[in-house]
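Have a look at the structure below before the remarks.
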Amino acid sequence: MSNLPRVAVVILSWNGASYLREFLPSVLKSSYPNLEIIVADNHSDDDTAMLLKESFPQVRLIQNAANLGFAAGYNKALEAVEADYYVLLNQDVEVEAGWIEPMVEALEKNPGAAAAQPKIKAYKERKCFEYAGAAGGFLDLLAYPFCRGRLFDVVEEDRGQYDESMEIFWASGAALFIRSAVWHQFGGLDPVLFAHMEEIDLCWRIKRAGYAVLAVPASVVYHLGGGSLPMGHPRKTYLNFRNNLIIQIKNEKAGRLIWAYPLRLVLDGVAALRELLQGHGADFRAIARAHFYVHLRYLKWLAARRRTQRMIRQKRVAPDNERGRYSGILIFDFFIRKRKYFSQLPVQAKEREEKAS
């Protein structure tokens with residue numbers, strides 16, 4: 001046991017007592033020996049603290065003094081955690097007993113890999129992938145995120161079609177394994193983002209510095225989803241559109257940003273108009289608010305970009321790693337070419353060619 005890497009599973013919870021009652025028992029059945037399980041309570045006003053003390057005394061409790069959001073909440077909690085690997089696990093995730101071993105094995109065999117995710121399936125529809133991560137995250141030329149197993153709102157059934165371990169572009173924050181040293185070197189999650197896409201931002205930074213990110217489908221977890229904000233909530237729409245623009249400004253290469261960002265603004269406008277025509281006025285307003293927020297603070301994001309690019313140069317271990325970056329435009333493939341499944345995109349063939357070479 002002492003020779004095994006230390007793993008800390010950290011569950012950030014806010015008013016999540018009901019989720020912890022349902023999902024924490026599966027985490028406690030994890031078979032990995034050198035393991036610490038921690039709940040970081042983001043200043044809940046339910047009975048989370050009492051539940052842990054009375055029903056789960058073997059779980060370490062860290063209590064944040066305020067609800068800091070997903071990003072800053074994890075940053076604060078992980079200041080007090082010592083381990084070789086951190087596992088950021090959502091409060092609404094059920095795990096299989098042996099879920100940690102394949103992840104640690106993959107990362108130990110690949111010292112150039114900084115982070116990884118398991119296969120993430122839907123808790124309620126267990127034959128299907130789950131929206132937030134599926135079998136690994138990718139990014140297209142305009143910084144639209146998508147997954148092996150999920151394009152936009154089309155989620156595939158898991159038939160073993162994506163059971164191959166491979167490099168991806170980003171690992172889902174629902175079950176994110178990351179080397180603790182890399183976490184601290186790159187400053188953890190950006191608190192400005194609050195919640196949504198903060199894990200993509202972190203993975204993008206470490207990929208730009210030359211590290212790899214892995215999908216390890218031999219490990220399987222089941223995510224309920226919507227534990228903090230349900231799908232379709234205007235607040236979620238706002239954060240997704242706002243944060244996607246911010247991380248694009250911060251992380252994209254200058255030569256690509258100069259043309260991709262304006263095109264992205266046009267397509268966001270089309271998306272907003274589509275919501276309005278479909279009678280989703282709240283989502284239309286959410287997209288508009290997201291754009292106003294970003295554009296009124298554009299100089300702030302440029303300063304953040306300079307800091308990010310400086311960090312990448314200082315922490316670089318290898319050339320920019322673009323594996324998992326799709327060279328096409330997903331919105332064109334999905335809506336015009338009617339490619340609804342990841343297997344229909346040339347990204348997978350490209351990854352296999354690179355692997356073979």
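Here are some notes:
- Residues of the range 29-38 satisfying the condition of being under 23 Å from the mean Cα position of the chain (by Cα) and free of Cβ contacts under 8 Å to residues at least 40 places away in the same chain: ILE37
- Any chance ARG339 is surrounded by 15 or more Cβ atoms within 10 Å (Cβ to Cβ), out of contact with any strand residue (DSSP E or B) (no Cβ under 7 Å at 6 or more places or on another chain), of a type outside the set (Val, Ile, Thr) and not assigned by TED's automatic domain parsing to the domain that holds ASN251: yes
- Filter result for the condition that a residue is without any contact (Cβ under 8 Å) to a residue 60 or more places away in the chain, surrounded by fewer than 20 Cβ atoms within 10 Å (Cβ to Cβ), at negative phi and not charged (D, E, K, R), over GLY255, GLY279: GLY255
- Residue in the range 136-143 that is at positive phi, in contact with a strand residue (DSSP E or B) (Cβ under 8 Å, 6 or more places away or on another chain) and buried (at least 18 other Cβ atoms within 10 Å of the Cβ) present: yes
- The lone exception for GLY69 - which of (1) closer than 24 Å to PRO33 by Cβ; (2) crowded, with 22+ Cβ neighbours inside 10 Å it fails: (1)
- Flag if LYS236 is charged (D, E, K, R) and in contact with a Lys or Arg (Cβ under 6 Å, 6 or more places away or on another chain): no
- Qualifying residue in the range 3-10 (condition: β-branched (Val, Ile, Thr), surrounded by 14 or more Cβ atoms within 10 Å (Cβ to Cβ) and farther than 23 Å from ALA195 by Cβ): yes
- The single condition from (1) in a helix (DSSP H, G or I); (2) buried (at least 19 other Cβ atoms within 10 Å of the Cβ) that PRO25 fails is (2).
- Complete set of residues in the range 56-111 that are at pLDDT below 95, of a type outside the set (A, V, I, L, M, F, W, C) and not in a loop (DSSP other than H, G, I, E, B): GLY69
- In the range 43-55, residue surrounded by the fewest Cβ atoms within 10 Å (Cβ to Cβ) [restricted to those that are among the polar types (S, T, N, Q) and not in a loop (DSSP other than H, G, I, E, B)]: SER55
- Helices (runs of 4 or more DSSP H) completely within the range 170-283 that count 1 or more residues being over 27 Å from GLU96 (Cα atoms) and outside the structural domain of LYS109 (by TED's automatic domain parsing): 234-251, 254-277
- Yes/no for ALA286 being crowded, with 18+ Cβ neighbours inside 10 Å, more than 17 Å from the chain's Cα centre (by Cα) and not in a strand (DSSP E or B): yes
The values are calculated or read from the model by the stated rules, or taken from the named source; none is laboratory data. Values in this document were obtained by computation on a predicted structure and should not be read as measured data. No Cβ is skipped: glycine too gets one built from the backbone with ideal geometry, and neighbour counts run over all protein chains shown.
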